[in-house]
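This report refers to the structure that appears directly beneath it.
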Amino acid sequence: MTTIEIDHTSRWFGNVVAVNDVSMSVGPGVTGLLGPNGAGKSTLINMMAGFLAPSTGKVTLDGTQIWRNESVYKAIGIVPEREGMYDFLTGREFVVANAELHGLGDAAAAKALATVEMEYAQDRKISTYSKGMRQRVKMASALVHDPSVLLLDEPFNGMDPRQRMQLMDLLRRMGAEGRTVLFSSHILEEVEQLASHIEVIVAGRHAASGDFRKIRRLMTDRPHRYLVRSSDDRALAAALIADPSTAGIEVDVTERALRIQAVDFGRFTTLLPKVARENGIRLLTVSPSDESLESVFSYLVAA
Amino acid sequence: MYDPTVARLTYRALLGRRRAAILFVLPVLLVAIAVAVRAFAGADDQVASGVLGGFAIATMVPLIGVIAGTGAIGPEIDDGSIVYLLAKPVKRPTIIFTKLIVAVGVTMLFSALPTLIAGLVLNGNGGQIAVAYTIAALVASIAYSALFLLLGTVSRHAVVFGLVYALVWEALFGSLVPGARTLSVQQWSLSVAEKVAGDGLVTSDVGLPLATVLLAGVTVVATWYAGQKLRALKLAGEE
């Protein structure tokens, strides 16, 4: 049982606040750290990895401080986002060097390379690897000492679907074995497929925490806004406003369009085409006006 | 205090980069100059001392020190690969000390050895000149490596600062402003050479006791401080 505890932690760079009074506890199993780009995910992971001092607050591993404490790396394995990784070495040389730095030998390196299924290319130079291969070798270097905690910063970036699935399987297995696995992502679907527990970070703040389904429901149940253009906007507005799934309709004269606020996402999306067909109205534009991840997240922060 | 894996990664990175070409070019140039001077001027103690002091010690040793010292750590910090060393239960001072040993070894190999060869070519070690300058190069290699390793740890522009120090401070100010010579690795190492060489062939503005203290002091303090800086190295540079 290994737990990373973040206690009222903030981190600022100059006068930019990257992480703002975050408290969370990351325990065994797979946890997804979800948030838009620039939300502070990397800063948070860097503090958990001991690469960055918290400006205030504490980040601990089973009660011991992580910053300036190199003994924590006996328990932590890290897969960084950055690509720099001794490109002049072969994959095997790289993983062996990582094993040696842990006081281990070739056997541990071979096992880690087998775990990530990179034996077939282990004698090629890292500089010749694809993004996905590099990612897997990084993974092997992090697994070489059989750590109880695994921290991964945007591990799926640039991977093709097959590599993504393989890595997800591997991380699921690690979580099921009782390891504490934390990965960051700005893609909802990745987190949904892999993590049962998620932590949402938006603009440096801890926006939500808990079971994925609960948070997903919060996300889909929120009011959605659409911009709709049709052959007869007024008739369409009249037909839609009668339904309880529609909370408000605004006729935007300058845009020559309707701005519709829907409260029941599922119902509204089936209602709109049905109503249009029944009334002989042609839909010209249906565009969600707040579907960006950022707006979904800021809704969560407000909720 | 010494980690063979860190050493292996360091020297492979150091000798594998394009920058390493300068490591080979400068010594070749020195030996070529020595061969040419010997051929045209014959064996002359003053001329030999001029070439070794003016080119080998004043220019080549600091330049190689800059490349080896900053190159032993700077690129790893720049591209982020240092995280694979830092995310290990290895003491930070061990990483720095190991990198220092590698940088010193490389600097000695590419500066002291060519100095000895050039000295032998120039006047066959007459007046102990070849040995004296070789000892100066060996001593300077240690101090330069420590100094530039520290620079590589604290600054992303270590090579530029290193070159400014080596070329502007040591070569230019050192020859124009007498006071600057007291704070010059070159003068300290020449002070050691002065004791070895025949009378008046090597001169230094710094006395041997002071030079020894300064050489040792700079090396120890720079290495210690680099270790401290590495302990607090923040890797979140791109945010």
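The values are calculated or read from the model by the stated rules, or taken from the named source; none is laboratory data. Quantities reported herein were computed from a predicted structural model and do not represent experimental measurements. Backbone-built Cβ (ideal geometry, glycine too); neighbour counts: all protein chains shown.
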When the residues of region A:77-87 are filtered to those that are over 18 Å from the mean Cα position of the chain (by Cα), within 19 Å of A:Leu152 (Cβ to Cβ) and more than 7 Å from every other protein chain (Cβ to nearest Cβ), which remaining residue is modelled with the lowest pLDDT? A:Glu83
Please indicate, with yes or no, whether at least one residue in region B:24-39 is surrounded by fewer than 22 Cβ atoms within 10 Å (Cβ to Cβ), under 30 Å from A:Glu83 (Cα atoms) and within 11 Å of chain A (Cβ to nearest Cβ). no
Could you look through region B:1-23, keep only residues that are away from chain A (no Cβ under 14 Å) and part of a helix (DSSP H, G or I), and pick out the one that is farthest from B:Ala193 (Cα to Cα)? B:Ala21
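Yes/no per residue for (1) under 21 Å from A:Leu44 (Cβ atoms); (2) surrounded by fewer than 19 Cβ atoms within 10 Å (Cβ to Cβ); (3) in contact (Cβ under 8 Å) with a residue 60 or more places away in the chain; (4) of a type in the set (Gly, Ala, Ser):
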residue: A:Gln193; (1), (2), (3), (4): no, yes, no, no
residue: A:Glu199; (1), (2), (3), (4): yes, no, yes, no
residue: A:Val202; (1), (2), (3), (4): yes, no, yes, no
residue: A:Arg213; (1), (2), (3), (4): no, yes, no, no
residue: A:Arg225; (1), (2), (3), (4): no, yes, yes, no
residue: A:Ser231; (1), (2), (3), (4): no, yes, no, yes
residue: A:Arg234; (1), (2), (3), (4): no, yes, no, no
residue: A:Asp243; (1), (2), (3), (4): no, yes, no, no
residue: A:Thr246; (1), (2), (3), (4): no, no, no, no
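Checking the structure you have, find out if any residue of region B:73-87 is closer than 30 Å to A:Met47 by Cβ, part of a helix (DSSP H, G or I) and among the β-branched types (Val, Ile, Thr). Please lay out each step first, then the result.
Filtering region B:73-87 for residues closer than 30 Å to A:Met47 by Cβ gives B:73-87.
Applying the additional criterion that residues be part of a helix (DSSP H, G or I) yields B:74-79, B:83-86.
Of the ones still in play, those that are also among the β-branched types (Val, Ile, Thr) are B:77, B:83.
Checked against the condition, which is being closer than 30 Å to A:Met47 by Cβ, part of a helix (DSSP H, G or I) and among the β-branched types (Val, Ile, Thr), region B:73-87 yields at least one hit.
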Residue check: is A:Glu177 at positive phi and not aliphatic (A, V, I, L, M)? no
Specify the residue that is farthest from the chain's Cα centre (by Cα); the eligible residues are those in region A:25-58 that are farther than 15 Å from A:Ile76 by Cβ and part of a helix (DSSP H, G or I). A:Thr43
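Of the residues A:Asp7, A:Asp21, which is surrounded by fewer than 24 Cβ atoms within 10 Å (Cβ to Cβ), outside any loop (DSSP other than H, G, I, E, B) and at positive phi? Even if it seems obvious, please write down each step before you answer.
Numbers: A:Asp7 fails: at positive phi.
After applying the criteria, what remains is A:Asp21.
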